[in-house]
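The values are calculated or read from the model by the stated rules, or taken from the named source; none is laboratory data. Note that this is a predicted model, so its numbers are computed, not measured. Because the Cβ atoms are built from the backbone with ideal geometry, glycine has one as well, and the counts that use them run over all protein chains shown.
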Amino acid sequence: MANLSKLIPIRYTPFILCIIGSIASFIALDFVSLGLDKQALHFLILFGTLTIVGFYDLFQKKIAILRNYPVIGHLRFLLEYIRPEIRQYFIEGDNDEAPFSKAQRTLVYSRAKAVPDQIPFGTSLDVMAPGYQWINPSLAPTRLPSHDFRIEIGGKDCKQKYSASIFNISAMSFGSLSANAVMALNLGAKKGGFAHDTGEGSISTHHRVHGGDLIWEIGSGYFGCRNEDGSFNEKKYAENALDPQVKMIEIKLSQGAKPGHGGILPGSKVTVEIAKARGVNVGEACISPASHSAFSSPLEMMHFLKKLRDLSGGKPVGFKLCIGHPWEWFGIVKAMLETNIYPDFIVVDGSEGGTGASPVEFTNHVGTPLQEGLRLVHNTLLGANLRDQIKIGCAGKIISAFDMAVAFALGADWCNSARGFMFSIGCIQAQVCNTGFCPTGVTTQDPLRQKALVVPNKAERVFNFHNETLKTLKGLVEAAGLHHPGEIDAPHIIRRINAHEVRLLSYLLPEMPTGLLLKGGSIDSSLNLPRVFELYWSKAQANSFSALKD
């Protein structure tokens, strides 16, 4: 039976057994005579069989797509079953990205279901291709007692430091996600002891049902803490920020999916629940301006950050951004130095982020990719002698433990994933997130469609994906002879340049000496640092996001 389940996955069996039963009935009719029209009996048997399958699909709780599309949903799985051969010979390979490859999605699905994710017969990646990366193993591997890797977030002015997992759910709003998706993510985070970022849509009743740790993201629309004119409201902010379930507060300056572009939730999608969470009127479009109204310069931003920390009772407060003009980022760091007000954390969002729908040009060509943005933030804080006081999180197509290892090597303290956790609750990358027609109930407000997503079942998969990914990360850390992912550094990662050359990541993206930016003067060219520091550090201003003119 075990061997049969490998040949025919369990989710196909009701459909296949009913078809077999129908065929057997057709054959039996050829040997008996009931005095009835055989064609009519064939039709009745087939109709009855499919009806049974349909009822089974509607009431089973494991597969969302079958609850929304009974009977015909099985065709997807049957095609998927034979798809490797079709794809291999006629369409695409396992590692073709669009935007996540079949291999990446399968990895998440396997870990979410806690089934074996090992692959036989060697890698399918081209190890001679430019860009291929690996981590070197040690001849003296370590043995670690736990895969529950954690870090403490909170700087010198933080009174309620947070012990965070190094792998958390990235920002996705209720409104973009369905109620059931939000509840499944939060219940999974509660069970696994990791954090769930609310996205800029604020804290809904669905975030509160299971009590999982929240990172409250505040965007330029100030949803959940706004006045009627869209400006910031201190009293409403304090009411949410003081909630014990809220562990950290994150100011969203920009996001990887559409940096420099405000979000819009059409009025037709603003239901009673969404309106309550965001503090707007039902049917009123939720518009997030491209910039914040609470501050207009790096100095004002630091004072706003301090206000948020004070009103929250001293919880960790930080900000998220996708790196754009380097002088703006440098201006923020100069404002930290001038005011002596430091964020407790910074989240670097790569331009490859993608849960938010945006114009094609923004998706494809605006913002800095994660590796370059993350290294710039890490190096700038090192150069300003602030790195030991500020934790760095990151997000941008992080799916596997190796993705995390590369992020740690470039300076991250923890990683967030949005689409990875979406896959864990059933997303099939249909790429209709902004239409309301999500086939699995993840990104829709249609009450019938989202019922397909059964919260307890999907929450277990959220927990499994987090748990199994960290188990694998533990294996990588041990194989490298280290004791914590935070010890992974750029020299541990090697990247192929061409068929005849490889380089340490530390050579391609070198690390800045601590305090170098505070010493003044030119930067020694032998350090091989990007020219961005030489070109723009001196032009950045703490009192303006603009650069000084030559």
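Just checking, which of 186, 168 is in contact with a helix residue (DSSP H, G or I) (Cβ under 9 Å, 6 or more places away or on another chain), assigned to a strand (DSSP E or B) and modelled with pLDDT of 95 or more?
Of the residues listed, the single one that is in contact with a helix residue (DSSP H, G or I) (Cβ under 9 Å, 6 or more places away or on another chain), assigned to a strand (DSSP E or B) and modelled with pLDDT of 95 or more is 168.
Taking the stated definitions as given, is residue 191 surrounded by fewer than 24 Cβ atoms within 10 Å (Cβ to Cβ), in a loop (DSSP other than H, G, I, E, B) and in contact (Cβ under 8 Å) with a residue 60 or more places away in the chain?
Details: surrounded by fewer than 24 Cβ atoms within 10 Å (Cβ to Cβ): yes; in a loop (DSSP other than H, G, I, E, B): no; in contact (Cβ under 8 Å) with a residue 60 or more places away in the chain: yes.
When the stated conditions are applied, residue 191 does not pass them.
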Condition met for residue 452 (assigned to a loop (DSSP other than H, G, I, E, B) and hydrophobic (A, V, I, L, M, F, W, C)): yes
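Check whether at least one residue in segment 254-261 is assigned by TED's automatic domain parsing to the domain that holds residue 444 and without any contact (Cβ under 8 Å) to a residue 60 or more places away in the chain, and report yes or no. Explain how you work it out, then say what you get.
At the first step, the residues of segment 254-261 found to be assigned by TED's automatic domain parsing to the domain that holds residue 444 are 254-261.
Next cut, without any contact (Cβ under 8 Å) to a residue 60 or more places away in the chain only: none.
Within segment 254-261 (the criterion being assigned by TED's automatic domain parsing to the domain that holds residue 444 and without any contact (Cβ under 8 Å) to a residue 60 or more places away in the chain), the answer is no, since none of the residues qualifies.
Here is a check on your reading of the model: is residue 414 farther than 24 Å from residue 166 by Cβ and of a type outside the set (Ser, Thr, Tyr)? Explain how you work it out, then say what you get.
Working: farther than 24 Å from residue 166 by Cβ: no; of a type outside the set (Ser, Thr, Tyr): yes.
No, not satisfied.
If you take the residues in segment 209-229 that are in contact with a strand residue (DSSP E or B) (Cβ under 8 Å, 6 or more places away or on another chain) and either surrounded by fewer than 18 Cβ atoms within 10 Å (Cβ to Cβ) or of a type in the set (D, E, K, R) (or both), which one is nearest to residue 161 (Cα to Cα)? Steps first, please.
Narrowing segment 209-229 to residues in contact with a strand residue (DSSP E or B) (Cβ under 8 Å, 6 or more places away or on another chain): 212-226.
Among the residues that remain, those that are also either surrounded by fewer than 18 Cβ atoms within 10 Å (Cβ to Cβ) or of a type in the set (D, E, K, R) (or both) are: 213, 217, 226.
Working: 213: 13, 217: 17, 226: 26 Å.
The residue in question is 213.
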Residues of segment 89-136 that turn out to be surrounded by 12 or more Cβ atoms within 10 Å (Cβ to Cβ), at pLDDT below 80 and not in a loop (DSSP other than H, G, I, E, B), as a count: 0
Qualifying residue in segment 172-181 (condition: touching a strand residue (DSSP E or B) at 6+ places or on another chain (Cβ under 7 Å), assigned by TED's automatic domain parsing to the domain that holds residue 354, modelled with pLDDT of 95 or more and buried (at least 17 other Cβ atoms within 10 Å of the Cβ)): no
Failed condition for residue 479, given (1) at pLDDT 90 or above; (2) crowded, with 20+ Cβ neighbours inside 10 Å; (3) of a type in the set (A, V, I, L, M, F, W, C): (2)
Selection count where residues are in a loop (DSSP other than H, G, I, E, B) and either on the phi < 0 side of the Ramachandran plot or touching a Pro at 6+ places or on another chain (Cβ under 8 Å) (or both), scope segment 213-259: 23
Residues satisfying the stated conditions in segment 308-343, i.e. within 14 Å of residue 253 (Cα to Cα), touching a strand residue (DSSP E or B) at 6+ places or on another chain (Cβ under 8 Å) and in a loop (DSSP other than H, G, I, E, B): 322, 323, 343
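What about residue 229, is it closer than 20 Å to residue 284 by Cβ, out of contact with any helix residue (DSSP H, G or I) (no Cβ under 8 Å at 6 or more places or on another chain) and assigned by TED's automatic domain parsing to the domain that holds residue 285? So that I can check it myself, show each step before the final result.
Details: closer than 20 Å to residue 284 by Cβ: yes; out of contact with any helix residue (DSSP H, G or I) (no Cβ under 8 Å at 6 or more places or on another chain): yes; assigned by TED's automatic domain parsing to the domain that holds residue 285: yes.
Yes: the conditions hold for residue 229.
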Filtered residue count, segment 364-376, keeping only those that are in contact with a Gly (Cβ under 7 Å, 6 or more places away or on another chain), closer than 15 Å to residue 327 by Cα and assigned to a helix (DSSP H, G or I): 1
Of residues in segment 408-443 being part of a loop (DSSP other than H, G, I, E, B) and of a type in the set (S, T, N, Q), the one surrounded by the fewest Cβ atoms within 10 Å (Cβ to Cβ): 435
Residue 290, sole failed condition from (1) buried (at least 23 other Cβ atoms within 10 Å of the Cβ); (2) under 21 Å from residue 224 (Cα atoms): (1)
Residue 448, sole failed condition from (1) surrounded by 14 or more Cβ atoms within 10 Å (Cβ to Cβ); (2) hydrophobic (A, V, I, L, M, F, W, C); (3) in the same structural domain as residue 388 (by TED's automatic domain parsing): (1)
